Structures are given as structure tokens and as C-alpha cells.
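Take a look at this one; I'll ask things after.
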């Protein structure tokens, strides 16, 4: 039987609540530009909640989800789901509203299948899209309502559900924008590849595995990703694995050997070599700094 490792040593959701004197018992948390000032979370972290946020200002800050870089700027709508490893590469001081919540919040008004039907919360989905000024106003109005009733537990779920429905409609509008067949096919391949990597990275780190599943050649897969993501398939896979490794090193008390096995490496020396190649430091040095 596979050993069950502790992946919950550090939970950003609970940490931010404590830092901001927010009730730990409530299954949601509202964040703004002041929330992260004293958080000092500069390492990749695994999310245990759903997160939806709108950025109002800023010219662009890179937010990493898995090994995909997203540019957050004014009018960016961002969505992240449980189990995803993310990292702020800057201080993220832009004006924004964000809600973090667990499935418990929507109990009684929606079943889990509703959340699970929203692709932008899972690997392969489009986690950051640009909204129009009118769409931002609509999102902002719901956040303002949410702030006004945040202490009314009966009212919060309905507003959050409205936020999700609005986000889903905005994604649907963008998905229906006419695109050339070449661009559409490239995006389709990229989304499918990212989803597959999120599902199989612990057991498959070779490009050929993913290319076979997508019915294309490894060379063509890398060519597509170079255009859509600015990196090859192998680079994407390796960076994805190392983001997971960094999260485990900083966010859990698992030993190096346990992390090595969790990520599917043959032995600790192989893992250390791969980690140092991408980060120029050893796993132990990274954990201790």
C-alpha cells in the first residue's frame, strides 16, 4: 500500500486567515492588495481551495500556475482550483478583489459537480482572461455586495454562486470568439497537453508519452508549445515537476526521500540532480533558505 504523505503542513488559505484575523471556521476568505503585505509567501504553494479574483490596476505581474506563466494586469480575471501549485513572482500590490473558498461554502445550493464542471479551475483550463470594462464593473458589483454581507453566512453562498456563473459566461464569450483554425488547433493541443501533464507528471516525464496521447509527433508538440507558451514540451514538464517539488519542500514536512518517491523519481540522487539542474541549488539547500 502506498504511504499517505502529509501534503497539508502549510495551507495558504488558513495562513492568510490567521494573518488577517479572519474566522478560521468560515469556508471563505476575501483578499485585497493589503492581504499579502506581511504574508511573505514567495515560494510555490499548493492551493487547497478555489480562488477567483479580479485585478483592477497594474501593467503586468507574472503569476505562475504549474509551469505556465500568466501576466496579471488591469482587468485580469484569475481562477485557481484545489491541488494546483502557484507562485507570485512579484509582490502583487495591484488593486484587486479575490475570494478563496472551499466546496463546503456551496453546500445546499449546488452539488460538487457544478464546481467540477468549470474547466478554468483545473489543469488545462484557461486560468487568466482579460475582461472588458463592462465585465469588470459587473464582477466588481458582486464583490462589493459580498463585502457588505460577508458576516451573513446565509447570504454569501448565493453571491459566490453568482460570481461563478458570471465568470463562466465570460469564459464562454471568449471561447466563442472566431479564431483561425490553426490558432484554435494550437490552443486545443496546448490545453490538452497541460491537462495531461497535471494528471500524469509523477509517472510520465517523457514528451513521447504526451505526444502519443495527443496523436501528434513529439517534434510538433514542442513546436506548438514554443508558439503558445514560449517553451518546449520537455521544458514545460520539467518546470512543472520542479514547481511541485518546491511546494513539497516548503509546504510539507516530507523528507527528501519521500518527495523523491511522490514525484516518481528512481532515487534521491536522480531527483537531486534534476532539481539542481533547473534551480542551481539542492533540495536541502532550497528547503533551508
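None of the figures in this text is laboratory data; all of them are computed from the coordinates on show. Because the structure is a prediction, the values reported are computed rather than measured. Positions of Cβ are generated from backbone atoms using ideal geometry, with glycine treated the same way; all protein chains shown enter the neighbour counts.
With a point put 7 Å past each Cα toward its Cβ, work out how far residue 220 is from residue 73 in nm, to one decimal.
3.3 nm
So if R0 is 25 Å, what FRET efficiency would residue 148 and residue 116 give, r being the distance between their Cβ atoms, rounded to the nearest 0.05? Write out the running numbers ahead of the final one.
Working: r = 29 Å, r/R0 = 1.18.
About 0.25, to the nearest 0.05.
What Kirkwood Rh does the chain have if only Cα atoms enter the pairwise 1/r average? Answer in Å. Display every interim value, and only then the final one.
Working: mean 1/r = 0.0495 Å⁻¹.
Taking the inverse mean of 1/r over all distinct Cα pairs, the chain comes out at 20.2 Å.
Per q in 0.15 1/Å, what log10 I(q)/I(0) does a Debye calculation on the alpha-carbon atoms of the stretch 181-288 return?
At q = 0.15 Å⁻¹ the computed log10 ratios are -0.65.
Please find the FRET efficiency linking residue 288 to residue 209, where r is the Cβ-Cβ separation and R0 is fixed at 35 Å, and quote it to the nearest 0.05.
Details: r = 34 Å, r/R0 = 0.97.
Efficiency computed from Cβ-Cβ geometry: 0.55.
While we're on this one: Could you work out how much longer the chain between residue 169 and residue 199 gets when fully extended? Use 0.36 nm per residue separation minus the Cα distance between them, nm to one decimal.
8.2 nm
What percent does the relative contact order of the chain come to when contacts are Cα pairs within less than 8 Å and at least six residues apart?
Values: 419 pairs, mean separation 53.9, N = 289.
Once normalised by length, the contact order is 19 percent.
Would you look at the GNM of the chain, springs on alpha carbons closer than 10 Å, and say which of 136, 128, 197 moves the most?
136
If each residue of separation counts as 0.36 nm, what is the full-extension length gain between residue 109 and residue 278 once their alpha-carbon separation is subtracted?
Taking residue 109 through residue 278 to full extension adds about 56.3 nm, to one decimal.
Another question about this same structure. Express in nm, to one decimal, how much length is gained between residue 258 and residue 37 on full extension, taking 0.36 nm for each residue of separation and deducting their alpha carbon distance.
Values: separation 221, 0.36 × 221 = 79.56 nm, distance 3.28 nm.
That works out to 76.3 nm of additional length.
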